[in-house]
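Input: a single structure, listed below in structure tokens.
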Amino acid sequence: MRKQQYLPLAVEYTQELLLVFGKDGDVLEANQSAEKELGYEKGELCRKEILSIFPAIAECTKEKNMAFFTKEELLNTNAYRKNKTCFAVDLRMVILDRANWIFLVSAVNVAKRDSAIRRLERAEEESDQIVRIRNEFVSNITHELRTPLNGILGHVRNLLGETDPVIQRESLELMEHCCEDINQIMNNILNFSKLESGNYILQEKEFSLQKMIEQVMALHMEAINKKGLQLKFMIDDAVPKKVIGDEQKLIQVLNNLLSNAIKFTLEGKIVVEVIQTLQVKDCVELFFVVLDSGIGIKEEDRDKIFQSFSQADGSTTRKYGGTGLGLAVCKELVELMQGSIHVESEEGRGSTFSFSVLLRLPRRKRIEESRTEIQVQSIKNNAMSFVKEAEEDRIYQYGTLENQSELRKELDKMLLCMDMENWEKAEQIADSIKKLVQGGEEEIRRAAFRMEMAARKADKEKAMAAYERIENDFITEKGE
Ligand code: ADP
């Protein structure tokens, strides 16, 4: 018979953890996989107690419990590493030497398999929920559109037989109202689908914050007065008068929050407040609060309302109408402006929606500030500050050598994070990639944005697609 040449080696390298132990429970031999997975050095496992690794086999090693060995039963249990962390295994025990009471434990790490199954189950649950929510949405939206549409139809029929110009005008005004409602619904749907596909680009320009907020409030004054609500508006002194950002998107978020506050408040007050929370170089973080004394939101519904097509509960739709898209759009817009949105609420007592956004300061203000900064710096070390600023500017200018080498580094890190599915880190890196490609073509900027969104949602496929898009550009540019 041929001598077994490779089998001992195969035993070392098999994926299974193999450990031989004796009557007293001490490990006698262990293969490399066991040492590696359990975090031990070579030979270190010998004389360790088998029960410190697989505590659950205590029952099986009792002399009476022979059934376990004869049936070759699989035990689903935990294996404990040297550092006391554990992972799930399918374990089998065999008696190797009955006379000397020597056993073999063979265990397969099933943690990865189990977590894949759990992920699959979760994905199935989520997709069921999405289907349910989308069905609800279709029925809501149909209802929402049908109301103004029926209104228009009714008024058109009236107009056909109406000769009185006063009544004609009234009908036309009501029809105008209905058209505005339809427009609003369509805009929300359009915005939402644009945001979902990552096709949204912020239009940055200088604007006055105070004017913008006053303009939003003016739009709602009629509804506020009609309901007899009080409206308070406070803007902190530290908030800059002029900022650079996407004014229309900010208006859209505020509009949405304010119209919800009015819609869900039957009496009492609504407060709008703006404060500045942070200033780093030419960026300011502003924090907006919209508070109402309305019906409030149940605790279990608070996360749900930011999901697309979701409303706090079905009866809300019937009573107050709406499509459940407004807050989902707000969330996406706020995140696009590098902020976040939250709600605090007490059922029956009101809600406080707050969100932050990052905006830039106009050049004038930046120059003024950097002047003071430079004056201070010059006392300490004038030359250093200039060199540093100049360097930063160069690095962030898209296409320069420094920028490209930074980008290369970040792209490599991104790939690693995506491989390891470290999405928190991936999101951070995607954010710096987004900054590094800021001066680039629209396509590449969009891809960086999509990559950040995908990282935020831990969507590997989308993140990878966006990554490849940037990488492609990078390679082409380098090749030229
Ligand atoms: P909708 O068009 O249905 O109002 P939104 O996304 O704007 O869609 O809001 C989703 C749901 O969140 C609403 O249907 C409502 O149940 C709840 N909601 C939003 N704002 C408020 C508020 N200020 N007070 C109470 N409930 C609110």
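Return the loop-located GluC sites (Glu not before Pro) in region 106-171 (DSSP other than H, G, I, E, B) with at most 14 other Cβ atoms within 10 Å of their own Cβ; answer none if there are none.
Details: sites: Glu121, Glu124, Glu125, Glu126, Glu136, Glu144, Glu162, Glu170; in loops: Glu162.
Qualifying residues, ordered by number: Glu162.
Compute the distance from the alpha-carbon center of region 143-173 to that of region 205-256, in whole Å.
That distance is 33 Å.
Across all directions of projection, what mean area in square nanometres is found for the Cα convex hull of region 102-146? Don't skip to the end; give the middle numbers.
Numbers: hull surface 13.7 nm².
If I average the Cα hull's projected area over directions, I get 3.4 nm².
Hey, any idea what the orientation-averaged projected area of the convex hull of region 145-291's Cα atoms comes to, in nm²? Spell out each step's value before the answer.
Values: hull surface 47.2 nm².
Hull-based average projected area comes out at 11.8 nm².
Give me the Kirkwood hydrodynamic radius of region 208-285 in Å, from all C-alpha pairs, to one decimal place? Each step should come with its number before you reach the end.
Values: mean 1/r = 0.0738 Å⁻¹.
Evaluated on region 208-285, it is 13.6 Å.
Positive end of the charge dipole of the chain (Lys, Arg +1 and Asp, Glu -1 on Cβ, about the Cα centre): tell me which of Ile152, Ala111, Ala447 has its Cα farthest that way.
Towards the positive end, the residue furthest out is Ala111.
Taking a ≥ b ≥ c as the square roots of the eigenvalues of the Cα gyration tensor of the chain, is the shape rounded (a/c under 1.5), prolate (a/b larger than b/c) or oblate? Please report the intermediate quantities before stating the final value.
Working: a/c = 2.68, a/b = 1.69, b/c = 1.59.
The shape class here is prolate.
Rank Val274, Trp423, Val343 by how far each Cα sits towards the positive end of the charge dipole of the chain (+1 on Lys, Arg Cβ; -1 on Asp, Glu Cβ) and give me just the farthest.
Looking along the dipole axis, the top candidate is Trp423.
Taking the Cα centre of the chain as origin, sum charge times position over the Cβ atoms of Lys and Arg (+1) and Asp and Glu (-1), and report the length of that vector in debye to the nearest 20. Before the final figure, lay out the partial values.
On the way: 68 positive and 82 negative charges, 122 e Å.
It comes to approximately 580 debye.
Using only C-alpha positions, report the orientation-averaged shadow area of the convex hull of region 83-159, nm², one decimal.
On the way: hull surface 36.4 nm².
Here the figure is 9.1 nm², rounded to one decimal.
Please report the relative contact order for the chain, taking Cα pairs under 8 Å with a sequence separation of at least 6, and give it as a percent rounded to a whole number.
On the way: 668 pairs, mean separation 40.7, N = 480.
Across the chain, relative contact order equals 8 percent.
Charges only on Cβ, +1 for Lys and Arg, -1 for Asp and Glu: so what's the dipole of region 131-211 about the Cα centre, in debye to the nearest 20? Walk me through the numbers on the way to the answer.
Values: 8 positive and 12 negative charges, 71 e Å.
Magnitude of the dipole: close to 340 debye.
For region 1-52, calculate the relative contact order in percent as a whole number, restricting contacts to Cα pairs under 8 Å that are 6 or more residues apart.
Working: 63 pairs, mean separation 15.7, N = 52.
Averaging sequence separation for qualifying contacts and normalising by length gives 30 percent for region 1-52.
With respect to the cross-link table entries Lys226/Lys457; Lys249/Lys304; Lys48/Lys413; Lys112/Lys194, which display a Cα-Cα separation exceeding 32 Å? Write down the numbers at each step before the final one.
On the way: Lys226/Lys457 42 Å; Lys249/Lys304 22 Å; Lys48/Lys413 39 Å; Lys112/Lys194 36 Å.
Pairs exceeding the cut-off: Lys226/Lys457; Lys48/Lys413; Lys112/Lys194.
Can you give the three extents of the C-alpha atoms in region 116-183 along their principal axes, from longest to shortest, in whole Å?
Extents along the principal axes: 70, 16, 8 Å.
Every number in this text was worked out from the coordinates using simple rules, so none of it is lab data. Source: prediction; values computed, not measured. We place every Cβ from the backbone using ideal geometry, glycine too, and count neighbours over all the protein chains shown.
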